[in-house]
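Quick note: the coordinates plus some simple rules give every number you see, no bench work behind them. This is a predicted model, so every value here is computed, not measured. Cβ placement follows ideal geometry from the backbone for every residue including glycine, while neighbour counts extend to all protein chains displayed.
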Amino acid sequence: MNVFFTKLQVRSTLGAIRHRISANRFASNKTVSDNTIRQLVSYATQAPSSFNLQPWRFLALTEWPDRHRLMKLACGQRKVVEAAVAFIVLGDLLAHSRLSDILRQSVKSGVFDESTARRIADQCNRMYADLGAQRDEAIRSASMAAMTLMLAAEAKGLVSCPLIEFDPEGVRREFHIAERYLPVMLVAVGHPASAKWQREPRLPLHQVLAFGVGWPWATESIETWKAARTSALVA
């Protein structure tokens, strides 16, 4: 794989990051082809994952009746049916059970040797023997893949919106999703409406970035945190 990028490619990547918005409006009369959907998911699978487990799975809903069923499980959010495709992004809770196949491919490709593969397998099996760790990794990796998918959509002239307000168990039942797959989020993707939603402002860097070991917000007492949380809930 070529890891060297031209200046134009770098600008394009940074531009997609800067210009991406969580769209509230889609051009509901425009579709997205199955080939484009495959391309978006292909880009999404380039996201990182622990031990290269790749626990993400995508269920793409393009038919209006399917998206309408999903909308009813997503608190009636219209963007689910207005978008050209609604993705149900899943995380595989048992992704580590397929590790041997993944490692075999890496050894065959010359990424590392069999001794290294055995060491990785031992470490992975110890880590993911815990159910909480399995769930955390499923959510973490599926979320990174979903973000990569949204950036790919932006780069292809589409818009997207992640949705977390939905009934996961209802989605599982309605779309016959096996227990091992955790519904992590929904992602609506489609063509932009004529009136593009304005990008919302971000926090300034000094509120989110610190250098060194002395994080300025780490010195807050638990009482201060509780007071701020109570204030936010009341507001």
Note to self: Within a 10 angstrom radius of the beta carbon, how do R202, R20, R57 rank from fewest other beta carbons to most?
What the structure shows: R202, R20, R57
Check: So what is the relative contact order of region 24-198, in percent, for Cα pairs below 8 Å that sit 6 or more residues apart?
Finding: 37 percent
Next item on the list: Name the residues whose placed amide hydrogens come within less than 5 Å of the amide hydrogen of V85, ignoring near sequence neighbours (fewer than 5 apart) on the same chain.
Entry: V189
Item checked: Residue-by-residue Karplus 3J(HN,Hα) for region 117-125, coefficients 6.51, -1.76, 1.60, Hz, glycine and proline x -> 4, 5, 5, 4, 4, 4, 5, 5, 5
Checklist line | Vicinal HN-Hα couplings computed from phi for region 133-149 (Karplus, 6.51 cos²θ - 1.76 cosθ + 1.60; Hz; Gly/Pro x) | finding: 5, 4, 5, 4, 5, 4, 5, 4, 5, 4, 5, 5, 5, 5, 5, 5, 4
Checklist line | Antiparallel DSSP beta bridges within the chain, as percent of all bridges there, nearest 5 | finding: 95 percent
Next item on the list: Please work out how many pairs of lysine residues in the chain are eight or more positions apart (or on different chains) and have Cα atoms closer than 30 angstrom.
Entry: 11
Note to self: From the phi angles alone, apply the Karplus equation (6.51, -1.76, 1.60; θ = phi - 60°) to region 36-45 and give each ³J(HN,Hα) in whole Hz, x where the residue is Gly or Pro.
What the structure shows: 5, 4, 4, 5, 4, 5, 4, 5, 4, 6
Next item on the list: Starting with the fewest neighbours, write out F87, F166, F175 ranked by other beta-carbon atoms found within 10 Å of each beta-carbon.
Entry: F175, F166, F87
Check: Residues with amide H under 5 Å of V184's amide H, sequence separation 5 or more or different chain, H placed in the peptide plane at 1.01 Å from N; which?
Finding: V89, L90, G91
Next item on the list: Mind sorting R172, R98 by how few other Cβ atoms lie within 10 Å of their own Cβ, fewest first?
Entry: R98, R172
Next item on the list: Using 0.36 nm per residue of separation minus the Cα-Cα distance, give me the extension gain between K108 and T230 in nm, one decimal.
Entry: 38.4 nm
Notebook entry, point to check: What size of dipole, in debye to the nearest 20, comes out for the chain about its Cα centre when the only charges are +1 on Lys and Arg C-beta atoms and -1 on Asp and Glu C-beta atoms?
Noted result: 700 debye
